[in-house]
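The values are calculated or read from the model by the stated rules, or taken from the named source; none is laboratory data. Computed from a predicted model, the values in this text were never measured in an experiment. For neighbour counting, all protein chains shown are included, and Cβ atoms are generated from backbone atoms with ideal geometry for every residue, glycine included. The accessibility values were calculated without ligands, DNA or RNA, using every heavy atom of the protein model including side chains. Shrake-Rupley method; radii C 1.70, N 1.55, O 1.52, S 1.80 Å.
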Amino acid sequence: MKKLSALLVTCLLALGACGDDDDPVATGDENTETTETTEGREDEEAEGPERIVSLSPSATETLFAIGADDQVVAVDDQSDFPEGVPTTDLSAYEPNVEAIASYEPDLVIMTDDAELQKSLEALDIEVLVSPAPTDLEAAYGEIEKIGEATGHADEASELASEMRAEITEIREASVDRPPLTAYWELDPTYYSVTSSTFIGEVMSIAGITSIADEVDDGSGYPQLSPEFIVSADPDLVVLADTECCEQDAATVAARPGWEGMKAVTEGNVVELSDDIASRWGPRLVDLLRTLGEAVEKAAA
């Protein structure tokens, strides 16, 4: 079971040698030798790092989706997809530099942590910072950046293109539907998301507006009151805390005053996987499909 604090951190963050031109041009056999050396170096660079440690679940999913799985020697304790990832007790929230270095990585992929990055680079370990994106275009960019750093630029570009195409289809399918409202639940203390967030953009693609927009405190992640949620009576209740906090349609219906809400009575409480709801990797398409199906059902 994921810790609630880990989920919130993930959501609140979420849902980022050239040659010497002065050398004389070689001729004859010397030129041939130089060319072969250059090609060998390019081939080595194309292969990418041999020992990757990922401290980001979204980056981990991306690595496996672009075919870099054979290069991954360890991932953090929150990385649990796809099946067979080398999950360890490494923590991105309380990182241990010595523990990370013990895997002898030649590349560590992590979210923004300047102190950890400095410590790893002091050990001559290459670091790729892959921060939580603020919008979908940034998510595609992070996927492509990971591809370039690992020798899988073409595969990453293809993955990003496929995601764009599928998400465009989902967006177009929502155009003719009436707009719906939703309460997106991050945890049982009623923290939610507004349309200004990454998740808010995902919701809008599916044709959903967050009720939290009405009480945005500027953070993008306001804490709502149960009374406000009941009075807003959203078309959908979207639960992103089914695993961490064991919330589902039954627990929602049991909350005081919630049994009469439209989303509850019409069966439009959407139970998401916490992981899919809080990661920006390849399974964004799965998240949008789920939301699209929920919207189609609610609008019928």
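Just so you know, in region 158-172 the residues that are open to solvent by 50 Å² or more (accessible area, probe 1.4 Å) and of a type in the set (Gly, Ala, Ser) include one that is farthest from PRO282 (Cα to Cα), and it is ALA165. In summary, THR209 fulfils each of the numbered conditions (1) under 20 Å from GLU293 (Cα atoms); (2) in contact with a strand residue (DSSP E or B) (Cβ under 6 Å, 6 or more places away or on another chain); (3) open to solvent by less than 50 Å² (accessible area, probe 1.4 Å) with the single exception of condition (3).
Hey, among the residues in region 212-253 that are in a loop (DSSP other than H, G, I, E, B) and hydrophobic (A, V, I, L, M, F, W, C), which one's surrounded by the fewest Cβ atoms within 10 Å (Cβ to Cβ)?
Applying the first criterion (in a loop (DSSP other than H, G, I, E, B)) to region 212-253 yields 216-222, 224-225, 233-235, 240-248.
Applying the additional criterion that residues be hydrophobic (A, V, I, L, M, F, W, C) yields 224, 240, 244-245.
Numbers: LEU224: 18, ALA240: 29, CYS244: 20, CYS245: 20.
The selected residue is LEU224.
Restricting attention to region 255-265, the residues that are open to solvent by 20 Å² or more (accessible area, probe 1.4 Å) and in contact with a helix residue (DSSP H, G or I) (Cβ under 7 Å, 6 or more places away or on another chain) total 4. Within the option set VAL285, VAL270, VAL264, being among the aliphatic types (A, V, I, L, M), modelled with pLDDT of 95 or more and not in a helix (DSSP H, G or I) holds for one residue only, VAL270. The lone criterion from (1) part of a loop (DSSP other than H, G, I, E, B); (2) under 30 Å from the mean Cα position of the chain (by Cα) left unmet by PRO256 is number (2).
Within the set of pairs 6+ apart or on separate chains, which have a first residue in region 225-241 that is more than 21 Å from ALA299 (Cα to Cα), a second that is of a type in the set (D, E, K, R) and open to solvent by 50 Å² or more (accessible area, probe 1.4 Å), and C-beta atoms under 9 Å apart? Hits for this filter: PHE228/GLU214. If you go through region 82-140 and pick out every residue that is closer than 18 Å to PRO282 by Cα, assigned to a helix (DSSP H, G or I) and not aliphatic (A, V, I, L, M), you end up with 2.
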